[in-house]
């Protein structure tokens, strides 16, 4: 059986579709880190990152403020966790 390497079959991704050329409008939200999905992993990751940043700042580290966001498609955080996929 031949081996398949996913990187050999990756379609080309045009940069102009993923990098915005114009400046943001008045509704933009500046973020340093975005977690996609407010399920258990996304929320835990955001909380852990916030804790690590806080501890680093308290210890005199150079991280400073980090804007952390969680992007969720549901109306409320964790709403899809009750869909049967998790519980």
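Summary table
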quantity	calculated
D_trans [Stokes-Einstein, Kirkwood Rh over alpha-carbon pairs] for region 38-77, 20 °C, 1.002 mPa s, µm² s⁻¹	192
Among 24, 11, 40, residue whose mean-square fluctuation peaks in a GNM of the chain (springs only between Cα atoms under 10 Å)	11
Highest-MSF residue in the chain out of 59, 46, 38 [GNM, Cα springs under 10 Å]	59
Calculated Rg/Rh (Cα atoms, Kirkwood Rh) (choose from [x] 0.93; [y] 1.10; [z] 1.07), label	[y]
Estimated 222 nm signal from helices in the chain, with DSSP H stretches of n ≥ 4 weighted -39500 (n - 2.57), rounded to 500	-7500 deg cm²/dmol
Highest-MSF residue in the chain out of 13, 43, 52 [GNM, Cα springs under 10 Å]	13
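No value in this document is a laboratory result; all are computed from the given coordinates. Just so it is clear, the structure is predicted and the values come from calculations on it, not from any experiment.
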